[in-house]
Amino acid sequence: MEGKISVTVAGRPVQVAHGASAGQLLKGFGNGRLVAARVNGKPVDLSCPVGEGATVEPVLADSPEGLEILRHSTAHLMAQAVQQLFPGVQVTIGPAIEEGFYYDFAAPRPFALDDLPRIEARMRELAGLDLKIERLEMSREEAVARFAALGERYKVEILSQLQEPRVSVYRQGDWMDLCRGPHVPSTGHLQAFKLLSVAGAYWRGDERNPMLSRIYGTSFASERELAEHLRLLELARQRDHRKLGRELELFFFDPVSPGSAFFLPRGTVIYRELESYIRRLYRRYGFAEVITPELFRNELWQRSGHWEMFRENMFLTSDGERGAGAPDYGLKPMNCPGHALIYRLEKRSYRDLPLRLADFGRLHRAERAGVLHGLTRVRAMAQDDAHIFCLEGQVGAEIDRNLQMVKEVYQALGFGPPKARLATMPDKHLGSEELWRQSEAVLAQALERNGFGYVVNRGEGAFYGPKIELYVPDALGRNWQLATIQLDYNLPQRFDLSYIDASGLPARPVMIHRAILGSIERFIGVLLEHTGGVLPFWLAPEQVRVLSLSEKVEPYAAEVAELLERRGARVARDLRNEKLGLKVRQAELAKVPYIVVVGEREAAQRGVSLRRLRGAKQESLSLEQLAALIGQEAPPG
RNA sequence: GCCGAUGUAGCUCAACGGUAGAGCAACUGACUUGUAAUCAGUAGGUUGCCGGUUCAAGUCCGGCCAUCGGCUCCA
């Protein structure tokens with residue numbers, strides 16, 4: 001059996017010649033979609049030789065793994081095109097990302113949107129040449145020499161930080177890039193791609209480093225999938241909550257208060273309905289609502305640790321009389337210190353705990369100008385915030401209770417099941433590492449107990465404790481972080497909170513911070529994008545619009561509207577002297593759930609013609625039937 | 001904060017450095033209407049703000065403000 005080895009190819013044992021490549025073994029797989037191989041579970045190039053006893057699996061372009069390789073290769077193709085078109089541009093890194101890829105360049109002049117068509121055209125030429133993509137292995141020193149000769153300073157820097165003695169370089173045509181790989185076998189595999197946007201990005205994401213020029217793009221296994229993706233992007237644009245906010249007259253922003261929304265009457269209805277819903281749940285889940293100050297002397301922030309850890313995100317101020325002096329007050333960015341003061345008001349017994357304090361107080365955070373984004377990233381907001389003070393031994397049950405509430409709320413609001421992340425100790429933190437690890441474990445166990453799959457988000461916790469972050473998927477498949485549950489051993493210590501335990505001795509309570517909707521502002525933004533503005537009846541600013549057909553039926557239309565208003569519905573009347581088609585169109589565009597039409601026919605029968613939003617057909621109902629229908633639309637909770 | 005782009009009527013958008021326009025909305029009038037746009041007319045602007053270049057600036061240049069796309073899902 002000289003020169004033969006035994007391997008397993010796609011689950012089948014075979015004998016092949018020594019030195020055969022993965023690509024040779026997988027010939028015929030995937031119908032041209034074969035882009036790479038998995039050998040012994042590791043993704044490799046098709047050119048990779050296979051050893052004795054190996055398991056070889058195909059990686060196809062439309063699999064998640066294949067797509068990642070495809071995109072990474074497309075990033076290389078783009079870099080090649082860029083360097084051909086723009087001499088003097090250095091390459092840095094260019095990974096595949098969730099929905100595509102990017103490549104960061106050190107360019108004498110940052111790229112503009114206008115550059116993209118040219119780059120894309122060159123990419124198509126290079127793809128058309130079907131250049132072979134070859135992997136070369138070499139010593140780190142040799143690679144450093146090569147990239148230094150090319151003037152690629154960033155690559156040299158990357159190489160100097162690598163541990164491996166040998167590194168890989170990929171070559172396509174006369175262009176090469178330091179890269180771990182794997183890659184598709186040739187540029188001809190890259191067909192369905194598009195460059196999307198340009199952006200500035202710091203080298204290694206650190207603002208102390210030079211600003212690079214980033215180009216974003218995406219690629220897919222087929223033109224059809226690319227077109228579908230672009231369609232989704234367009235859909236997302238249509239559903240942009242900022243656009244809907246304007247069209248549906250919900251809210252607006254004015255430059256005189258960047259990052260702070262003005263909620264118009266219609267938007268305010270949504271805002272207050274959401275609050276009311278959470279309030280109803282608070283009764284059931286045992287929370288007590290409080291109202292606390294917005295402005296506190298700095299000494300409070302010094303005690304809570306915000307002064308040290310959060311001051312750069314706070315609005316600091318002073319009273320008008322002495323305005324010129326140093327600011328001695330801070331607008332609250334969080335409710336927790338205020339709640340600690342409420343806790344401290346009385347001597348607490350273990351019998352009083354858990355104490356659950358809820359607060360819809362307005363919070364202000366000095367977010368950097370560049371990160372503001374509609375309602376989803378604001379400087380002024382309210383949260384459905386609560387703090388739970390409890391015994392160490394009650395923490396598990398309290399977290400269970402809140403995870404339960406999370407499930408209930410997101411189901412009631414029409415979202416899919418949330419996914420969890422456990423955010424652990426950040427660099428900037430208060431408290432000992434031991435305490436941190438202990439609280440992280442408590443949260444992890446609660447997640448498991450409640451059937452939440454989770455991933456660990458290292459170093460992303462709050463400065464005072466680890467967090468559970470809950471991500472909710474919307475209708476377009478995007479995930480939003482909304483709910484959060486955070487454990488805090490630090491504030492109780494800083495405020496010297498205590499209770500008297502069963503044996504009469506003082507003990508330290510644990511504090512849990514939590515919000516279900518997160519900020520109401522952000523939640524409304526997400527809800528609008530999730531629903532496209534078509535809200536459930538109970539949240540609709542205008543629930544019923546009564547349309548009259550002519551002047552003659554105005555009194556009857558008014559009667560119908562009043563009837564529904566007495567039943568508690570939010571009703572608008574459209575008695576204008578306009579054609580019915582126009583009124584219906586406008587009611588549809590305003591996304592009113594129930595469109596009630598009355599003409600002489602309905603007036604004679606004392607009934608209505610009901611058209612539901614987005615439903616083309618009409619129903620004839622009596623007034624009683626209509627009232628009963630409205631009565632059934634009860635809000636959740 | 002940093003990089004890039006954008007800012008024209010309430011909204012969506014036009015306007016080779018040479019008199020700022022259209023559609024929708026608003027207002028007035030006619031039409032009395034049957035399930036996604038009836039017709040006609042009227043009015044609406046210090047082109048984000050400040051400065052500069054020019055005989056002439058919405059347009060070119062600079063500063064500021066705001067908005068939009070981004071700012072480590074690592075070679």
Practice task
Answer yes if at least one residue in segment A:187-198 is without any contact (Cβ under 8 Å) to a residue 40 or more places away in the chain and aromatic (Phe, Trp, Tyr), and no otherwise.
Solution key: no
Problem - Top-ranked residue in segment A:174-205 [being assigned to a loop (DSSP other than H, G, I, E, B) and crowded, with 18+ Cβ neighbours inside 10 Å; ranked as farthest from RNA strand B (Cβ to nearest atom)] - result: A:191
Problem - Failed condition for residue A:208, given (1) open to solvent by 20 Å² or more (accessible area, probe 1.4 Å); (2) closer than 30 Å to residue A:26 by Cα; (3) more than 8 Å from RNA strand B (Cβ to nearest atom); (4) not in a helix (DSSP H, G or I) - result: (2)
Practice task
Can you give me the number of residues within segment A:240-276 that are part of a loop (DSSP other than H, G, I, E, B) and either of a type outside the set (Val, Ile, Thr) or modelled with pLDDT of 95 or more (or both)?
Solution key: 13
Fill in the blank from the handout: Residue pairs within 7 Å by beta carbon, gap of at least six or interchain, first lying in segment A:538-563 and open to solvent by 10 Å² or more (accessible area, probe 1.4 Å), second acidic (Asp, Glu) and more than 9 Å from RNA strand B (Cβ to nearest atom), listed first then second, are A:538/A:273; A:538/A:633; A:545/A:574
Handout entry: All positions within segment A:239-271 that are open to solvent by 90 Å² or more (accessible area, probe 1.4 Å) and either within 12 Å of RNA strand B (Cβ to nearest atom) or touching a Gly at 6+ places or on another chain (Cβ under 6 Å) (or both)
Key = A:242, A:246, A:247, A:249, A:255, A:256
Exercise for the section: Look through A:286, A:338, A:330 and report the one residue that is on the phi > 0 side of the Ramachandran plot and in the same structural domain as residue A:496 (by TED's automatic domain parsing). Expected result: A:286
Fill in the blank from the handout: Here the residues within segment A:352-379 that are of a type in the set (A, V, I, L, M), within 16 Å of RNA strand B (Cβ to nearest atom) and either farther than 24 Å from residue A:292 by Cβ or surrounded by 18 or more Cβ atoms within 10 Å (Cβ to Cβ) (or both) are A:369, A:371, A:372, A:375, A:378
Handout entry: Long-range neighbours under 7 Å by Cβ, at least six apart or interchain, first residue over 15 Å from residue A:281 (Cα atoms) and in contact (Cβ under 8 Å) with a residue 60 or more places away in the chain within segment A:384-402, second charged (D, E, K, R) and surrounded by fewer than 24 Cβ atoms within 10 Å (Cβ to Cβ)
Key = A:388/A:356; A:388/A:398; A:390/A:398
Exercise for the section: Taking residue A:527 as meeting all but one of (1) within 22 Å of residue A:248 (Cα to Cα); (2) among the aliphatic types (A, V, I, L, M); (3) within 16 Å of RNA strand B (Cβ to nearest atom), write down the number of the exception. Expected result: (3)
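The values are calculated or read from the model by the stated rules, or taken from the named source; none is laboratory data. The structure displayed is predicted, hence computed values, not measured ones. Reconstructed Cβ throughout: ideal geometry from the backbone, glycine too, with neighbour counts over all protein chains shown. In case anyone asks, the SASA skips ligands and DNA or RNA and just uses the protein heavy atoms, side chains included. Shrake-Rupley method; radii C 1.70, N 1.55, O 1.52, S 1.80 Å.
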